[in-house]
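A quick write-up on the structure given underneath.
The values are calculated or read from the model by the stated rules, or taken from the named source; none is laboratory data. The structure presented is a predicted model; accordingly, all values stated were derived computationally and were not measured. So basically every Cβ, Gly included, is an ideal-geometry build from the backbone, and we count neighbours across all protein chains shown. Just the protein is used for accessible areas: all its heavy atoms, side chains included, with ligands, DNA and RNA removed. Shrake-Rupley method; radii C 1.70, N 1.55, O 1.52, S 1.80 Å.
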Amino acid sequence: MSAHVNAPSRAPQDLSESITGGVGESPSRPDGNLKVRGDYAYSSDLWAEDMLWGATLRSPHPYARIAGIDVGQALAYPGVYAVLTHEDVPGDNRYGLKIVDQPVLAEDVVRFRGEAVALVAADHPETARRAVELIAVDYEVLDPVTDPKRAAHDGTLPKLHPESGRENNLVRYQPVVRGRQDVSADVVVSGTYTLGMQDQAFLGPESGLAIPAEDGGVELYLSTQDLHSDRKQTARALGLPPDKVRLTMSGVGGAFGGREDLSIQAHVCMLAMHTGKPVKMMYDREESFYGHVHRHPAEMYFEHGATREGKLVYLKARMYFDGGAYASKTPVVVGNATTLGTGPYEVPNVDIAGWGVYTNNPPCGAMRGLGAVQPAFAYEAQMDKLASALDMDPVELRQRNAVDQGSVLHTGQKLDYPAPVGELIERARNLPMPPERDPAAEPDIRDLPGGAANTTHGEDVARGVGYAAIIKNVSYAEGADDYSTARVSLQAVGGEAVAMVHTAAAEVGQGLVTVQQQIARTELGVERVNIHPNDTSVGDSGSSSASRQTYITGGAVKTACEAVRETLFERATARLGHAVPDLTIVDGKLVSDSHGVLADVVDILGDEVIECTREYHHRPTYPLDPETGQSELVHVQHAFSVHRAVVDVDTQLGLVKVVALDCVQDVGKSVNPDAIVGQIQGGAVQGMGLAVMEEIQVSDGLIRNPSFTDYLIPTILDTPPMKVDIIERGDPHAPYGVRGVGEPPTISAGPAVLAAIRAATGLDLTHAPAGPEHITGTAH
Amino acid sequence: MRLNLTVNGRPHQADEAWEGESLLHVLRERLGLPGSKNACEQGECGSCTVYLDDVPVCSCMVAAGQAQGRAVRTVEGLADGDRLDAVQQSFVDSGAVQCGFCTPGLLVQAHDLIERNPEPTDAEIRESLAGNLCRCTGYEKIMDAVRLAAQRKAVS
């Protein structure tokens, strides 16, 4: 336990539960018992004696000038301790992940509906909420910029960030060009595809507790994906050196990209430092829709040319991504989309361009599979369209063009690791199909589209099957120095060797705590491994995003364990008086093939603690040429998955029942097979949600459905049985050969479901999600 | 207002509760029982599910005053001391827990299902848990966990 004098109750817990199992096994989660007992401390559970509650006033307008803010009435409201505006931001009133462009609190202008304008601290959450309503803001409402294409090209629109120095409302423009541009082909297919805005819809609300510290700093307990990124941005806003801003992770109720940007962090610290009291902030669901970024909606034109034999000749693609009011991860989305836009296929001649723009729509940033999800809907729709034009089996067409180890992508990067896309497609085709519906038997209506709503007994229901193969980059790209830090100690406790693993890497539900224990058990040959709460007293681990933590933080834990082991062996050698070759640790004993059991680890350790802190950096990547998009190695690793979806569609009502959603994925090395299956199934359902139901409805810059009543995510009734077939084709550059797992299934599931709906209905369906209005042709 | 209720078999009193507070708020913020979760606070996600006099309810949709004099059982009251209920143990063993935020509500709902229907079919499990959103697992391992819990309860 990190020993802060004034730590809150319900503070983050050491995970010391004794569970066995090394790399390649499937031990249970060390936090599982706490979670099923209701004893796991999430950030929304934090509590401190005498704490206040914070609340945020948000802009009701997508674009407006602020003429004045009057906090007088709010401040006079009984129970209110503080009302803060931009004038109270102690440091630099700007933050941002990639581009520092977002005010902590709005100054003279608001750029989206939901932008934070003022803060209140009060003795009860309801008091704080009422005081927020008493803050009087004088807005001069402006016409919002809401069309992303115009935002990219139309110089007559207002520039939302004139300080950016980029033309119009551009955040990033990136072309990727390779081969000949004047090429023709036997068969050409094209289409324009659009994608709605998706919400991460993590269940645990944004929340945290800030406690002012005696040294003038602040302790912040919170849920996040990246403690050090949060600390850097928060310290800048508070005008404090980073070591005065100490962050400790509380339990995280899911993330999926939605916790990469700041939400409550700087705000709750400002309130705590201003009042001198502990302050808790917690969004409700509606505020959560305004308080975090979403997946970029997109408009994408794709044109493929191929030979009559079904070999791709060229791809031309134009993609627009609406980043909303602030940049967040828009530059990364453009980079990923343009470098992955061919899909997992070899295309000799490529002309791709991507634009990411500022508008007055809700800000968009990271969500599982960012920048790879959008083009996958386009290129996989195109592959089916091309197969149809060629009168060819769509699976066969994909196999003819699939990349493999040694393929050169359109960025110029050669795949110098296994890329078994053809094998994945073949295995997906060979998975057993769900049983056909028996038209003679009385159906269980719960198995049909519409379910218990009793909208059909099988009439007008058509079945379709669809495939999708996808590519995703793993970890940070384009020259970022991507690394993680791990501190591992080994000591004798009660006659047993016990390891402790300490990192800042966020456990968000994916099971990183389990993987860290497994690696330590494997490398140190001990049974008991404790996980220290994540905090900023250890070095940076980067974000729990980009499917990177098992690779990068796993690599750091492995490297630190190896250093601990080397130190132990040196001590053993000194104790034994002679060097022993091929030393290993097995079940807490030092063993060599030649000498048998030499000593107990606890005897070598004695009263001393061996502690080593190590960083793991993956091999360097390189930026894209800004004109051509060429790079010798833009991504450190690629991951691949294939989904096959089977759907039943009520063609009269446009209702869809997904009957099966089966996945084949290469994971390099299966560190925890059961947890990987859980990641793949959970990721697939998020992709399915985007294909059939999930869309934040935005019009005139306003979110029309900021609730779980109106923004629907799949329930257990919407979700089919899902087979998962894992293969392991190790990446020689990665620790244990691992390949990132979390994002690919989210990317392949959605296009497979849409392909199946197209197969069932014969419709084009160019928009995701495809709702009843699209399937029945009643959308407007 | 002053509120008296029984939670997990023990009498509790909450003083100075504001009349607009939900049962969920009182459990979490006044009685020190934050196991029931606050994911949507509008009755859509089921994370706050508790037994109110043996009937599962979304505690966010129950005004605290409605619980006056009644018996509440939360996720913290499912285990028998150190011994987890079969539903809890099965969620751990089946890998049905990832971030775990939906877990407390699902446990209470699944516990109630098996009490009422000791041998639920898959369709019955899905129907019974349709009011509990999970964003992590895709529900497959939750299905596994409920099937396993029913088996375990049948033989115990």
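Here are some notes:
- Peptide ranges A:629-637, B:12-20, B:119-127 listed from the most packed, as the mean C-beta count within 10 angstrom indicates: A:629-637, B:119-127, B:12-20
- Per residue, in Å², the accessible surface of chain A once ligands and nucleic acids are set aside, probe 1.4 Å: 33 Å²
- Pairs from the list A:LYS472/A:LYS723; A:LYS35/A:LYS669; A:LYS35/A:LYS280 with a Cα-Cα gap above 26 Å: A:LYS35/A:LYS669.
- Share of carbon and sulfur in the accessible heavy-atom surface of the protein assembly as shown [1.4 Å probe, %]: 47 percent
- Using θ = phi - 60° in the Karplus curve 6.51 cos²θ - 1.76 cosθ + 1.60, the 3J(HN,Hα) couplings for the range A:186-201 round to 4, 10, 10, 10, 8, x, 10, 10, 10, 10, x, 7, 9, 9, 5, 6 Hz; x is entered for Gly and Pro.
- Put the Cα centre of the range A:496-529 next to the Cα centre of the range A:721-739 and the gap is 20 Å.
- Averaging 1/r across all pairs of distinct Cα atoms in the range A:533-691 and inverting the result yields a Kirkwood radius of 20.9 Å.
- Normalised contact order of chain A, rounded percent, pairs of Cα under 8 Å and 6 or more residues apart: 16 percent
- Which of A:PRO241, A:GLY291, A:HIS304, positive extreme of dipole for the range A:228-343 (C-beta unit charges): A:PRO241
- Per residue of A:712-723, other chain Cβ atoms within 10 Å of the residue Cβ number 6 on average.
- Amide H contacts under 5 Å for A:TYR95, placed H, 5+ residues apart: A:ASP101, A:GLN102, A:VAL104
- Rounded Å value of the spacing that divides the Cα centres of the range A:65-116 and the range B:37-72: 35 Å
- Farthest towards the positive end of the charge dipole of the range B:3-77, among the residues B:TRP18, B:ASN38, B:VAL7, is the Cα of B:VAL7, using unit charges on the Cβ of Lys, Arg, Asp and Glu.
- Cβ crowding within 10 Å averaged over residues, with A:685-692, A:375-382 ranked highest first: A:685-692, A:375-382
- Global form of chain A, assessed from the alpha-carbon gyration tensor, a/c cut-off 1.5: oblate
- Each peptide among B:2-11, A:613-622 gets the average number of other Cβ atoms lying within 10 Å of its residues, and from highest to lowest they stand as A:613-622, B:2-11.
- Remark: chain B carries 38 Å² of accessible area per residue (probe radius 1.4 Å; ligands, DNA and RNA excluded).
- Protein accessible surface hidden between A and B, which excludes ligands and nucleic acids, total in Å², probe 1.4 Å: 4400 Å²
- Ranking A:TYR483, A:LEU590, A:ALA563 by how far each Cα lies toward the positive end of the dipole of the range A:483-617 (charges on Cβ) leaves A:TYR483 at the top.
- Between the helical axis of B:140-155 and the longest alpha-carbon principal axis of chain B there is an angle of about 90 degrees.
- Using alpha-carbon coordinates, inclination of helix B:103-116 to the longest axis of chain B, degrees: 70 degrees
- Global form of the range A:483-617, assessed from the alpha-carbon gyration tensor, a/c cut-off 1.5: prolate
- Test item: Cα-centred dipole of chain A, Lys/Arg +1 and Asp/Glu -1 on Cβ, debye: 760 debye
- Cα centroid separation - the range B:99-156 against the range A:404-473, whole Å: 26 Å
- Taking all protein chains together and rolling a 1.4 Å probe, A:ARG246 ends up with roughly 60 Å² accessible.
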